[in-house]
Amino acid sequence: MVKVKVEFLGGLDVVVNKVRVHDINLMVDNATLRDLVNYICNDMITNPNDIEVFIEDESIRPGIITLINDTDWELEGEMEYELEDGDVISFTSTLHGG
Amino acid sequence: MSDNELLKQIEQLKAENATLKKVLNDYKSNDEYPMSLEEYRRYGRQMIVESTGGVKGQLKLKNSKVLVIGAGGLGSPCLPYLAGAGIGQIGIVDNDIVETSNLHRQTIHDSTKVGMLKCESAKQVLNKLNPHVNIITYPVRLSYSNAFDIFEGYDYVLDCTDTPLTRYLVSDVAVNLGLTVVSASGLGTEGQLSVLNFKNVGPCYRCFYPTPPPPNSVSSCQEGGVIGPCIGLVGVLMAVETIKLILDVYTVKNFQPFLMLYSGFPQQSLRTFKMRGRKANCKCCGDEPTITQNAIESGEINYELFCGSRNYNVCTPDERISVELFESDYHTAKKDNNYILLDVRPSHHFNISHFPAAINIPVKELKDMNGSFEKLKERIPNVTEDSEMLVLCRYGNDSQIATRLLKDQFKMSDVKDIRGGFFSYIDSIDPSIPKY
């Protein structure tokens, strides 16, 4: 089991009942970010129509930035990153307004 | 006029002339000092901040040319600070005119400027704020064909635009010309900021976003709304970054790619995320770039196609009626309400103003019913598959999508979209209804 904090920022909280911050206990051994993303899709996003707001072609939808402890997930192994207790995983929509 | 009066007048003119000469002298730089005395006074409070480098830093600002693209929610709070700081030349690219709906956030403009070009309105304010700054306006829409000509000669570019398309274009052109970009955006209560292509070694917009977002996930301030000071704060952050770039606070050695995220609600927070560096496989700034000046200027890079657009035109002409027809044949004629008027705007839009007889089911809620007539009946108890239904939204886009859903998924036979929506009705039929 691993305890992490998950944040949905930049308006992305619409997919999780408009709650921005969630404390998650993930009941998976050696859980990776992929396990967390699956958990979000299966157990957190209540409306199936909202999954496409978050996922496209089995990865995080283009236009969403994923951060692991405030660092670009690309620097941390993306989906293969192994979660640790206390990690903060943030998803934020890219904004375009000016 | 008597001789005495004439002599008195001459004396007055002499005194005025002497004062003016003194003022003029004040503005002139002389051989002894690199700036005029007035500039020393003007920039004193900033020059005595040690990390600016004093006069040396001030001269860097004075010799810099900064191009600001967009004089809207980001540009308007940013511009006065750039001009105030004494940047030598500021270019402003914007072909929009000031509208009343801009003024809650674009406070460089004001109510008397409604209808004026934003770039000209901003120039008037900045000239008054600091006459030492050369303001150049470009009342054009930035495009692949004019961007290189406009960017040429500037040292830094500020992306204050409002679509993914312009953001890719600004970044691509800047990379090709070796310019650093301060890029920001805002929507609702949040904003983001980044420095791109730093000294031609940092990551560009395409390194962060190699694939554009799907068009239906992109929201504008007009559509999604925005809190003035939230986006305003991000515009001010852009001015801070620009001044730091000019003063060489960032160096190739200490610069770390970053993305700042400002959230205004519920608690204000400003976070800085550590971001990826330049990507070797980036199509624009990578090892084998295909997005070259030639490819951009020839139109070979198709930005419209790359970013895509939403397709709202999903109804046939006979599935739509004009607001005039709605008014004559329904709104005034059928007072007995034997048709259903469905308003599919978000509820918080609907609550601002709506037709008294309208039923509000936001298009998202309608989608989520997945065609279940039972669920539709829960919201509209008297609805049947044969009910005559008219659908409207703000501008007539979502209402077309809703009309399609009602006909195809809910199998309703008599549904029509009101062309142009609620706002078109207000414009053409009844301007006494509040428009937002």
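Among B:M369, A:M1, B:M47, what is the fewest-to-most ranking by other Cβ atoms within 10 Å? Provide the component values of the computation, followed by the final result.
Details: B:M369 17, A:M1 9, B:M47 20.
Fewest-to-most Cβ neighbours within 10 Å comes out as A:M1, B:M369, B:M47.
Need one number: % antiparallel among DSSP beta bridges in the protein assembly as shown, to the nearest 5. All intermediate terms of the calculation are to be shown ahead of the outcome.
Numbers: 34 of 71 bridges.
Antiparallel: roughly 50 percent of the beta bridges in the protein assembly as shown.
If R₀ is 60 angstrom, what is the calculated FRET efficiency for the pair B:A357 and B:I48, using the beta carbon separation as r and rounding to 0.05?
Details: r = 66 Å, r/R0 = 1.10.
Efficiency computed from Cβ-Cβ geometry: 0.35.
At most 15 other Cβ atoms within 10 Å and a DSSP loop assignment: could you name the GluC sites (Glu not before Pro) in chain A that fit? Each step should come with its number before you reach the end.
On the way: sites: A:E7, A:E52, A:E56, A:E58, A:E74, A:E76, A:E78, A:E80, A:E82, A:E84; in loops: A:E58, A:E76, A:E84.
Answer by residue number: A:E58, A:E84.
So if each residue of separation counts as 0.36 nm, and I subtract the Cα-Cα distance between B:N370 and B:Q12, what length gain in nm does that give? Show your work: numbers first, answer last.
Numbers: separation 358, 0.36 × 358 = 128.88 nm, distance 8.46 nm.
Separation in residues times 0.36 nm, less the Cα-Cα distance, equals 120.4 nm.
In whole Hz, with x marking every Gly and Pro, tabulate ³J(HN,Hα) for segment B:400-417 from phi via Karplus 6.51 cos²θ - 1.76 cosθ + 1.60, θ = phi - 60°.
5, 5, 5, 4, 4, 4, 5, 7, 7, 8, 8, 6, 7, 8, 10, 10, 10, 8
I'd like the Karplus ³J(HN,Hα) series for segment B:6-12: coefficients 6.51, -1.76, 1.60, θ = phi - 60°, whole numbers in Hz, and an x wherever there's a Gly or Pro.
Computed from phi, the couplings for segment B:6-12 are 4, 4, 4, 5, 4, 4, 4 Hz.
Using a Förster distance of 51 angstrom, determine the FRET efficiency expected from the C-beta separation of B:K56 and B:E300, and round it to 0.05. Don't skip to the answer; put the middle values down first.
Values: r = 44 Å, r/R0 = 0.86.
In this case the efficiency is close to 0.70.
Do you know the relative contact order of chain B, to the nearest whole percent, from alpha carbon pairs under 8 angstrom that are 6+ apart? List each step's numbers first, then the result.
Numbers: 755 pairs, mean separation 48.2, N = 436.
Once divided by the residue count of chain B, the mean separation gives 11 percent.
In the Gaussian network model of chain A, springs joining C-alpha atoms below 10 Å, which of A:L33, A:L75, A:L12 carries the largest mean-square fluctuation?
A:L75
Check cross-link reach from B:K118 to the lysines: straight Cα distance under 29 Å, and skip same-chain residues fewer than eight apart.
Reachable lysines: B:K60, B:K62, B:K65, B:K128, B:K244, B:K435.
If I model a spin label as a point 7 Å beyond the Cα along the Cα-Cβ vector, how far apart are those points for B:Y312 and B:E324 in nm?
2.1 nm
How much net charge surrounds B:G53 when only the other residues with a Cβ under 14 Å from the Cβ of B:G53 are counted, with Lys and Arg +1 and Asp and Glu -1?
Working: positive: B:K56, B:K60, B:K62, B:K244; negative: B:E50, B:D248.
The answer is +2.
Any idea what angle helix B:164-177 forms with the longest principal axis of chain B, computed on alpha-carbon atoms, 0 to 90 degrees, nearest 10?
Roughly 30 degrees, rounded to the nearest 10.
Take every DSSP beta bridge with both residues inside chain B and express the antiparallel ones as a percent of the total, to the nearest 5. Display every interim value, and only then the final one.
On the way: 18 of 49 bridges.
Here the antiparallel bridges make up roughly 35 percent for chain B.
Please give the contour-minus-distance gain from B:S413 to B:Q222: 0.36 nm per residue of separation, less the Cα-Cα distance, rounded to one decimal in nm.
Details: separation 191, 0.36 × 191 = 68.76 nm, distance 3.32 nm.
Taking B:S413 through B:Q222 to full extension adds about 65.4 nm, to one decimal.
Between the DSSP loop rule and a limit of at most 14 other Cβ atoms within 10 Å, which trypsin sites (Lys or Arg not before Pro) in segment B:11-43 are left?
Working: sites: B:K14, B:K21, B:K22, B:K28, B:R41, B:R42; in loops: B:K28.
Here the sparse-neighbourhood loop sites are B:K28.
Nearest 10 degrees, 0 to 90: what angle lies between the long axis of helix B:75-85 and the longest principal axis of chain B (Cα atoms)?
Here the helix axis deviates by roughly 10 degrees.
Would you calculate, for chain B, the mean residue ellipticity at 222 nm contributed by helices, counting each DSSP H stretch of 4 or more residues as -39,500 (n - 2.57) and dividing by all residues, to the nearest 500? Before the final figure, lay out each step's value.
On the way: 17 runs with 160 residues, N = 436.
Taken over chain B, the calculation gives -10500 deg cm²/dmol.
In the neighborhood of B:L103, defined by Cβ-to-Cβ distances under 10 Å, what is the net charge if each Lys or Arg adds +1 and each Asp or Glu adds -1? Don't jump to the answer; show the numbers that get you there.
Working: positive: B:R105, B:K113; negative: B:E99, B:D110.
Charge balance near B:L103 sits at 0.
In segment A:49-68, which residues have a backbone nitrogen under 18 Å from the label point lying 7 Å from A:V19's Cα in the Cα-to-Cβ direction?
A:50-51
Can you tell me the relative contact order of chain A? Whole percent, Cα pairs under 8 Å, sequence separation 6 or more.
On the way: 154 pairs, mean separation 40.4, N = 98.
Relative contact order for chain A comes out at 41 percent.
Kindly work out what percent of the DSSP beta bridges joining two residues of segment A:2-93 are antiparallel, to the nearest 5.
Numbers: 16 of 21 bridges.
Approximately 75 percent, going by the DSSP bridge assignments.
Readers should treat all values here as calculations from the given coordinates under stated rules, not as data from a laboratory. Because the structure is predicted, anything quoted here is derived from the model rather than measured. Don't worry about glycine lacking a Cβ; one is built from the backbone with ideal geometry, like all the others, and counts go over all protein chains shown.
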